[in-house]
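Peer 1: Got a structure for you, written out below as structure tokens; questions coming shortly.
FYI, it's all coordinate maths here, none of it is from the lab. On a predicted model such as this, the values are computed, not experimentally measured, just so you know. Cβ coordinates were reconstructed from backbone atoms using ideal geometry, including for glycine residues, and neighbour counts include every protein chain displayed.
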Ligand SMILES: C[S@@+](CC[C@H](N)C(=O)[O-])C[C@H]1O[C@@H](n2cnc3c(N)ncnc32)[C@H](O)[C@@H]1O
């Protein structure tokens, strides 16, 4: 078994092997291209309400003119910040005087090039199509007249979600890294003993597929959980045939975490891909994860570490709480900041504070795939 010190090199090498078919050096440029289209789409959405034709506007006036739903007000504020940082919106932070002019035609043409640019980069066409749908529906999304779920599952199938979480290059990379970490954890189990896994927010099962593959040589007790009955059914359909799999409802905000689903101190692995940022308090949630892990057990957490404009103009609409409900981060250090994602440093600090020692991460900060800002953290429960 590799030592904990060697785990970082081991998972990064396995992850690199999973994406040798892609010229990853071109990905940062493609990400910038999508972000630019997302920023144009935000500017177009705001201008389409007759704003910025002379005169200045406060955030409240912009919200009123665009009829932004209360629950999405935080997204509007994030847009104003992103557009200002990109040099497309001018003002003093509270009053905005000028916004870059963007016509429907310019936006259509900019978005049109994305599919071709994504070719050869392992960026699924279904994802490009979804982003284009989201960008062209931004005014209706802000008003809550259209739900982003309707755009994500436009064909009634999970194709776009599969593209977002299973098939694209960065997910192939981080899922391969997670699979290698799972192999490492399995090597530490007594022969014949099942590897005991809890997956939180398993969704379309992008990570599940790779982990079950990595653990195929021995028995598993794999508990696939989610808050969504749709994903639990999809999980049963996709993985129910594998001996040792179980399916259960689990909310990352529950305290104690996992009560009635798994016993405290029993998990060799807790897996959470693209879900923990949703916690009202990541600190409380990570403490709950720590309590579920067996001593020496590993948390494999995949999350986005930077808020890219392309996310702000699409998936971020999934994160607005229902009216009157707490939102992501409302009970931790993110409260009042409108931030959803933690930086790499913040994750590492939060893991440590919860009694979990970060052992490895992938990609590293100097890897081209870091441009996508999705990172796997492997952290061990201290004994
Ligand atoms: C962005 S998807 C990621 C799916 C999957 N882990 C992947 O990366 O392929 C987020 C998933 O977390 C689930 N989810 C959202 N809030 C949650 C919560 N509070 N507790 C548990 N799961 C949650 C959603 O239903 C969804 O399946």
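Peer 1: Whole angstrom only: what separates the Cα centroid of the range 279-336 from the Cα centroid of the range 1-39?
Peer 2: Value for the Cα centre distance between the two parts: 22 Å.
Peer 1: What list do you get for 348, 5, 180 if you sort them by fewest beta carbons within 10 Å? Please report the intermediate quantities before stating the final value.
Peer 2: On the way: 348 17, 5 9, 180 26.
Going from sparsest to densest Cβ surroundings: 5, 348, 180.
Peer 1: Here's another thing I want to ask about it. Kirkwood hydrodynamic radius for the range 125-265: how many Å is it when counted over pairs of different Cα atoms?
Peer 2: One decimal place: 16.7 Å for the Kirkwood radius.
Peer 1: Something else: Can you put 44, 90 in order, fewest other beta carbons within 10 Å first?
Peer 2: 90, 44
Peer 1: Which distance in Å, rounded to a whole number, links the C-alpha centroids of the range 105-139 and the range 235-266?
Peer 2: The two parts, judged by their Cα centres, are 36 Å apart.
Peer 1: Let me ask you something else. What ranking, highest mean first, results for peptides 81-88, 36-43 when packing means the other Cβ atoms within 10 Å averaged over each residue?
Peer 2: Details: 81-88: 16.1, 36-43: 23.9.
In decreasing order of mean packing, 81-88, 36-43 become 36-43, 81-88.
Peer 1: Next question, about the same structure. Taking the radius of gyration and the Kirkwood hydrodynamic radius from Cα positions alone, what is the Rg/Rh ratio for the range 45-124, to two decimal places?
Peer 2: Details: Rg = 15.0 Å, Rh = 14.2 Å.
The Rg/Rh ratio comes out at 1.06.
Peer 1: By how many degrees, 0 to 90 and rounded to 10, does the Cα axis of helix 125-136 deviate from the longest principal axis of the chain?
Peer 2: 40
Peer 1: Could you work out which residue, out of 338, 92, 283, moves most in a Gaussian network model of the chain, that is, has the largest mean-square fluctuation with Cα springs under 10 Å?
Peer 2: 92
Peer 1: Find the relative contact order for the range 328-383 and round it to a whole percent, using C-alpha pairs within less than 8 Å whose residues are 6+ positions apart.
Peer 2: The normalised contact order for the range 328-383 reaches 30 percent.
Peer 1: Please report 23, 303 as a ranked list, fewest other C-beta atoms within 10 angstrom at the top and most at the bottom.
Peer 2: 23, 303
Peer 1: For the range 219-299, treating each Cα as an identical point scatterer without solvent, what Debye log10 I(q)/I(0) comes out at q = 0.15, 0.21 1/Å?
Peer 2: So the normalised log intensities work out to -0.53, -1.03.
Peer 1: Output the Kirkwood hydrodynamic radius of the range 16-88, Cα pairs only, in Å rounded to one decimal.
Peer 2: Averaging 1/r across every pair of different Cα atoms and inverting gives 14.4 Å.
Peer 1: In a Debye calculation with equal point scatterers on the alpha-carbon sites of the chain and no solvent, what is log10 I(q)/I(0) at q = 0.10, 0.14 Å⁻¹?
Peer 2: Debye output, listed in q order: -0.65, -1.23.
Peer 1: Take the range 175-327, compute every pairwise Cα distance, and split them into 5 Å bins from 0; I just need the percent in each bin.
Peer 2: Pairs per bin, as whole percents: 2, 9, 19, 22, 21, 14, 8, 4, 1, 0, 0.
Peer 1: Give me the compactness ratio for the range 39-188, meaning the Cα radius of gyration over 2.2 N^0.38 Å.
Peer 2: 1.28
Peer 1: Using only the alpha-carbon atoms of the range 256-383 as identical scatterers, what base-10 log of I(q)/I(0) does the Debye formula give at q = 0.11, 0.15 Å⁻¹?
Peer 2: -0.39, -0.71
Peer 1: Here's another thing I want to ask about it. Compare the peptides 212-219, 272-279 by average per-residue count of other Cβ atoms within 10 angstrom and give them in order, highest first. Intermediate results must be reported in sequence, preceding the final value.
Peer 2: Values: 212-219: 15.4, 272-279: 23.4.
Top of the packing list down: 272-279, 212-219.
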